[in-house]
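Q: Dropping a structure here in structure tokens format, bear with me for questions.
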Amino acid sequence: MAREDTPYPMLVVGASGVVEEANAAARALPGGARDVPAWLLRAHREHAGGEPDGPVFGPVGERVFEAHPVHDDGAGRVEWWLVDVTVRHRAGEALRAERDSLAAVVKASSELLSTLNLDRCLESVARLAVRHLAVAARVVLPRRGHRHVVACCDAGDGAVHRDLARDAGSMPGLAEALRGFPPVPPRWLDPAEAPGWVTGDAPDGIGSVVVLALPGYGLPAGALILLRRSESHDFTPSEELFAPLFAARAGTAISIARLYAEQAAITETLMADLLPPVVTHVDGVEVAGRYRAAGDSALVGGDFYDVHAVAGAGRRSLVVLGDVSGKGLEAAVLTGKIRNTLRALLPFADDHQWVLNRLNDVLLATVGPRYVTLVLAGVERRGGRIVLRLTSAGHPPPMIVRLDGRVQVARTRGTLIGLLEHVTSVTEEVLLEPGDTCLLYSDGVIEARGGPLGGEMFGDERLEAELRRCAGMPADALAERVQMLASQWAGGGERDDLAIVAIGVPREPPSRNGPVP
């Protein structure tokens, strides 16, 4: 009688697997306890076969029960008591679903943040959306100009192609998602409401479409359009956990990639104006330059050179080579300022001292100690020869390599620019014959440290000795040779910025109509 009135279902299952006895609670179960549930029948047979005793779990209707073998008469007849564990089971399922969802979000986040390339980031968002939430996905960026960039991915394809949608208003809910504020909930649609550019290439059997906003940093990062097979306008419990977290991570990744792309574009634009020019001839004069910043990844530094085809009132050209104090970005910024100032002073380039004085005034007005060493070379062609006016301002003097192998150091000197109120300089005029070359260089050449012992400077004497072996070389070959020597001497050690310009007279003078830059 006690077993009959207990609230826990009880079944007595015989050796043949048939219910021989059941209490009132068991008879109230779906099916009326006439048949043993399949999961309990398997456990009963395992118990009869001598398997270790213990509770087993399984469904009865929409409920989940835990079954315990309480009494065994030894003849295969077992008394099973059932405990309703539906709430605990569902809580465990929800916990596992949340854990799996969070693990998927973490994995997706790692993939999304593995690149700063915007195109690859959009492709990752589309692929991950198809992998976890839909059979097709469209990632739409906010309008740039008159168009929206769209990345599209379909299940089973994996490939992502890009498209352009001209009107976000043609897709219900898209304009609101792209505005992103106030927070926009998911917008569910019937496929018939979506325009052709959304559903045109999607797989057959699309049952519903949903538009999700992708939040960014203060501004919306874009929108995600999901095409699903299910006709239900709702996510499954696990998707309900995954979708908002994925949208937030995707928006963050897109925002970071867009910010990086914008900064990279700005940097590239600014760097383009800081990079030295590429020249080969100026009015029949061979001019070759070489440049290398100190850092392995740096594009610009504190050394620079410029070649101006027209400067002053006459037919002279002007070559400038300098070395700014410091290294890295700050030096590069000062380099740009100096180059722009010298460019503005080109009409007065016939007077080197006046140009140096004006540049000195500009640097003295700059906040903080900023100085530069310079060498100016005014270049004038006279028939088959070249006249150089060389002026040094605290810079290593140029070296002239004669065709017969002699190396002469220009007799020019001066004070550096940007520290003293008054600067002084000495200008020397040098005549170059056919086959002669003048080398302008920064101290990154002669102060390169390395050699057999690793700490010895390359030095002026070693440079002069090497230049004697370079007699008769074209300007481009000479510049390349000097850069190679400095690099080999330094080896893998620390390097300074380096700038080199070689000005040479061809052995056979070109006509007056020769090539110009």
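The values are calculated or read from the model by the stated rules, or taken from the named source; none is laboratory data. The model shown is predicted, which means the values in this text are computed figures rather than measured ones. We place every Cβ from the backbone using ideal geometry, glycine too, and count neighbours over all the protein chains shown. Just the protein is used for accessible areas: all its heavy atoms, side chains included, with ligands, DNA and RNA removed. Shrake-Rupley method; radii C 1.70, N 1.55, O 1.52, S 1.80 Å.
Q: Output the residues belonging to region 445-461 that are under 37 Å from the mean Cα position of the chain (by Cα) and closer than 16 Å to Pro397 by Cβ.
A: Val445, Ile446, Glu447
Q: Is at least one residue of region 188-195 among the small types (Gly, Ala, Ser) and at pLDDT 85 or above?
A: yes
Q: Which count do you get for residues in region 280-300 that are in contact with a Gly (Cβ under 7 Å, 6 or more places away or on another chain), closer than 22 Å to Gly444 by Cβ and either modelled with pLDDT of 75 or more or not in a loop (DSSP other than H, G, I, E, B) (or both)?
A: Counting residues in region 280-300 that are in contact with a Gly (Cβ under 7 Å, 6 or more places away or on another chain), closer than 22 Å to Gly444 by Cβ and either modelled with pLDDT of 75 or more or not in a loop (DSSP other than H, G, I, E, B) (or both) gives 1.
Q: Of Arg495, Arg411, which residue is in contact (Cβ under 8 Å) with a residue 24 or more places away in the chain, open to solvent by 30 Å² or more (accessible area, probe 1.4 Å) and in a loop (DSSP other than H, G, I, E, B)?
A: The match here is Arg495.
Q: Sticking with this structure for a sec: Scan region 4-20 residue by residue and report those that are in a loop (DSSP other than H, G, I, E, B), open to solvent by 60 Å² or more (accessible area, probe 1.4 Å) and either in contact with a helix residue (DSSP H, G or I) (Cβ under 9 Å, 6 or more places away or on another chain) or among the aliphatic types (A, V, I, L, M) (or both).
A: Of everything in region 4-20, those that are in a loop (DSSP other than H, G, I, E, B), open to solvent by 60 Å² or more (accessible area, probe 1.4 Å) and either in contact with a helix residue (DSSP H, G or I) (Cβ under 9 Å, 6 or more places away or on another chain) or among the aliphatic types (A, V, I, L, M) (or both) turn out to be Pro7, Tyr8, Ala15, Val18.
Q: When only residues in region 423-476 that are closer than 30 Å to Val362 by Cβ and of a type in the set (A, V, I, L, M, F, W, C) count, which is most open to solvent (accessible area, probe 1.4 Å)?
A: Top of the filtered list is Val426.
Q: While we're on this one: Looking at Leu346, Leu376 in this structure, which one is open to solvent by less than 10 Å² (accessible area, probe 1.4 Å) and either within 35 Å of the chain's Cα centre (by Cα) or hydrophobic (A, V, I, L, M, F, W, C) (or both)?
A: The unique qualifying residue is Leu376.
Conditions tested, residue by residue: (1) part of a loop (DSSP other than H, G, I, E, B); (2) open to solvent by less than 50 Å² (accessible area, probe 1.4 Å); (3) acidic (Asp, Glu); (4) without any contact (Cβ under 8 Å) to a residue 12 or more places away in the chain.
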{"site": "Asp306", "(1), (2), (3), (4)": "no, yes, yes, no"}
{"site": "Gly314", "(1), (2), (3), (4)": "yes, yes, no, no"}
{"site": "Leu359", "(1), (2), (3), (4)": "no, yes, no, no"}
{"site": "Arg370", "(1), (2), (3), (4)": "yes, no, no, no"}
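Q: Out of region 49-91, which residues are part of a loop (DSSP other than H, G, I, E, B), open to solvent by 60 Å² or more (accessible area, probe 1.4 Å) and at negative phi?
A: Gly49, Glu51, Pro52, Asp53, Pro55, Glu62, Asp73, Ala75, Arg77
Q: Just wondering, is there one or more residues in region 319-327 that are in a loop (DSSP other than H, G, I, E, B), over 27 Å from the mean Cα position of the chain (by Cα) and polar (S, T, N, Q)?
A: The answer is yes; a qualifying residue exists.
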